[in-house]
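Nothing in this text is a laboratory measurement; each read-out follows from the coordinates by a stated rule. Bear in mind that the values here come from a model prediction, so they are computed numbers and not experimental data. Positions of Cβ are generated from backbone atoms using ideal geometry, with glycine treated the same way; all protein chains shown enter the neighbour counts.
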Amino acid sequence: MRFHRAESAFFIFIIVVLAAGLVTARAYAFLHALAPSFTRPSRIADIVYLNELLFVVGVLLATALFFGVFFIYPLIRKQVREEGKLRAMTLSLSERSETLEQAALTDALTGMQNRRYFDDALKEYIAEFRRIGRPVGLMILDLDHFKQVNDTYGHDVGDEVLRVVANCLKNMTRYHDVAARLGGEEFAVVTPNMESPVLERFAERIRKAIEATPVLAGSTRLRVTTSVGLAVWDGKEAAEEFFRRADKQLYKAKRQGRNRVCA
């Protein structure tokens, strides 16, 4: 039976606690064995004080062991099981991608998944996460003033901008996230098992990374920014409703001045 790294670390923690408990018990027994040889009142007081300290250490170690076994370890096991389900889902999606015609699911320009793949993946994640009761996050990204880039520098530079942004998304997303180009300058990322505060921080990191990534157009370094709309699945809505809710947040980000995240 193979253990997850978190489980292995927990077992090491338990072993250390048990070893400390054994050493404390040994010191406690040794102290009691020596106690009769110390007859001076001051020595007796010191022994009593040390005895009390050892007893407190023993209680703390026992408490740590109890909470570790009955509270911390079940949480670790739950996390490991959820990670296993995510890996299984990711493998299932990958196998499905290989059995279908690859060109029909891949954006030719950026090498990302396309809108068709994204729609199917979003529905599958919602169906599975409805069953296990876990959150699904969604971010929709739209590049700011992209038409001006095409009009000013040409479509070749516009295509390079799209490829740079796509690579940034690929590098920053997790193995079980689904990052796709929906069309034009619009991208989307499905982030399973991610609550709203974490999703907002994740989206902000991506926004800043895109802003900080230069795109060369001859001797000119272009600064690309993106507006991002976020939503966390409410556990009931269909994929289309979920998408529309994130899309509304995207338009809100656009109205508020672009280059920002709205949730």
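Under the combined filter of DSSP loop state and at most 14 neighbouring Cβ atoms within 10 Å, the range 165-263 retains these GluC sites (Glu not before Pro): Glu195, Glu237.
Sparse packing (at most 16 other Cβ atoms within 10 Å of the Cβ) combined with a DSSP loop state is found for the following chymotrypsin sites (Phe, Trp or Tyr not before Pro) in the range 160-252: Tyr175. Ordered by the number of other Cβ atoms lying within 10 Å of each residue's own Cβ, fewest first, Ile76, Ile132 fall into the sequence Ile132, Ile76. Counting only residues at least eight positions apart within a chain, or on another chain, the lysines with an alpha carbon under 27 Å from that of Lys85 are Lys123, Lys170, Lys236. From the square roots a ≥ b ≥ c of the eigenvalues of the alpha-carbon gyration tensor of the range 104-262, which class results: rounded (a/c under 1.5), prolate (a/b over b/c), or oblate? In terms of gyration-tensor shape, prolate. Of the trypsin sites (Lys or Arg not before Pro) found in the range 165-263, the ones in coil according to DSSP and having at most 13 other Cβ atoms within 10 Å of their Cβ are Lys236.
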